[in-house]
Amino acid sequence: MGKLQDTLTALDSKGLGPNPALMTHVVLGYPSLDESIELVKAMADNGAKFIELQIPFSDPMADGPTIMSANEAALAQGVTPGDCMKAMETLASSVDVPLIFMTYFNLVYAYNGGAYNGGAYQGGQDGVRNFSKDAANAGAEALIVPDIPPEENSEGYWSITKEYGLLPVPLVSPISSDERLKRIAAVSDPGFVYCVSTTGTTGARKGLPEELPEYLTRVRKYFDMPLAVGFGISSRGQVENLSEHAEIAIVGSAMIDCISKSDSGQRVKAVAAFTKELAGVS
């Protein structure tokens, strides 16, 4: 967690300011595996401080239509978890920002491993261990897996990932009770907490919920670490509106929209410009 911890420590030392750090999102394999790698480099070069690399999955339950379509397109091209491990390895050696794998627990549970190539089915706790080992070796510094709550620790996920130096990122939402926030905070390692801005799935929205400040104030009562807010953030104005409430703004669906609406051959340029705009880089 070298780059990740350094970046988070810098955020903590600055406190809340006028420019939250930007976390962007790609689906590896969309529009193609090679192009998604180039898109990550463009984000890193133009103001993104963290980047989520989503491993495509057939049933991305937390994702709305935009990211779901990107998952389907990547899978249709035959992109595998092993391909994503190799992409992570390539990127970790060529960008200076911390990289985070995002996926779903079924994929982690069933992961075969074997130096990224698969092999005899193992699954279960062996799947979690092989996935964590390969992800860490490839250069991932954290994991975002929305469908496995910290208090469950299914197949040892929350403890095994930490054995390999990965940060398992906890997620909370506006409907998380104070009691549940307290429980999640008690089992979470220092890092950051992913605050889902609204109930429902991912997707760009015109505005942030009015109750967001009150919700984030409640989260901060229990978590002594940077807050990252995602789901619905799609503009520089929304990023700026988070400045008094959170240290990190996450932009996912709007970034995928930027990719899908850009002509082939212009996507890297479009993503670079959009990242720069979101990050407030002149």
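Bear in mind these aren't lab numbers, they're just calculated from the coordinates by the rules spelled out. Note that this is a predicted model, so its numbers are computed, not measured. Please note: Cβ atoms are built from the backbone with ideal geometry, for glycine as well, and neighbour counts cover all protein chains shown.
Roughly speaking, what is the stretch gain from Ser69 to Asp126, that is 0.36 nm per residue apart minus the C-alpha to C-alpha distance, in nm to one decimal? Before the final figure, lay out the partial values.
Working: separation 57, 0.36 × 57 = 20.52 nm, distance 3.02 nm.
Full extension from Ser69 to Asp126 adds 17.5 nm.
For the chain, place one equal point scatterer on every Cα, skip the solvent, and apply the Debye formula. What is log10 of I(q)/I(0) at q = 0.16, 0.17 Å⁻¹?
-1.31, -1.50
At what distance in nm do the modelled label points of Ala76 and Gln266 sit from each other, each positioned 7 Å from its Cα along Cα→Cβ?
My value for the distance between the label points is 2.2 nm.
What residues have an amide H closer than 5 Å to that of Ala142, excluding those fewer than 5 places away on the same chain, when H is modeled at 1.01 Å from N in the peptide plane?
Result for Ala142 returns Phe101, Leu167.
Expressed in nm to one decimal, what extension gain is obtained for the pair Ser32 and Ile175 from 0.36 nm per residue of sequence separation less their Cα-Cα distance?
On the way: separation 143, 0.36 × 143 = 51.48 nm, distance 3.65 nm.
Going from the current span to full extension adds 47.8 nm.
Compute the relative contact order of the chain as a whole-number percentage, counting only Cα pairs closer than 8 Å that sit 6 or more residues apart in sequence. Present the calculation step by step, with values, prior to reporting the outcome.
Working: 573 pairs, mean separation 67.6, N = 282.
This gives 24 percent for the chain.
What percent does the relative contact order of segment 178-282 come to when contacts are Cα pairs within less than 8 Å and at least six residues apart?
Working: 127 pairs, mean separation 26.8, N = 105.
Relative contact order comes out at 26 percent.
If you put +1 on each Lys and Arg Cβ and -1 on each Asp and Glu Cβ, how big is the dipole of the chain around its Cα centre, in Debye rounded to 20?
Numbers: 21 positive and 34 negative charges, 72 e Å.
Dipole of the chain, to the nearest 20 debye: 340 debye.
If R₀ is 22 angstrom, what is the calculated FRET efficiency for the pair Glu244 and Ser93, using the beta carbon separation as r and rounding to 0.05?
On the way: r = 37 Å, r/R0 = 1.67.
The formula returns an efficiency of 0.05 here.
Step through the residues of segment 179-191 one at a time and calculate ³J(HN,Hα) from phi using the Karplus curve (6.51 cos²θ - 1.76 cosθ + 1.60, θ = phi - 60°), rounding each to whole Hz and writing x for Gly and Pro.
These are the phi-based 3J(HN,Hα) values: 5, 5, 4, 5, 5, 5, 4, 5, 10, 9, 6, x, x Hz.
Hey, what do the phi angles of segment 270-282 turn into as Karplus ³J(HN,Hα) couplings, whole Hz, using 6.51/-1.76/1.60 and θ = phi - 60°, x for Gly and Pro?
With coefficients 6.51, -1.76 and 1.60, one gets 5, 5, 4, 5, 5, 4, 4, 5, 4, 7, x, 8, 8 Hz.
What is the distance in Å between the Cα centres of segment 50-113 and segment 25-48?
So the separation of the two Cα centres works out to 12 Å.
Ranked by Cβ crowding within 10 angstrom, fewest neighbours first, how are Thr80, Thr7 ordered?
On the way: Thr80 18, Thr7 21.
In order of increasing Cβ crowding within 10 Å: Thr80, Thr7.
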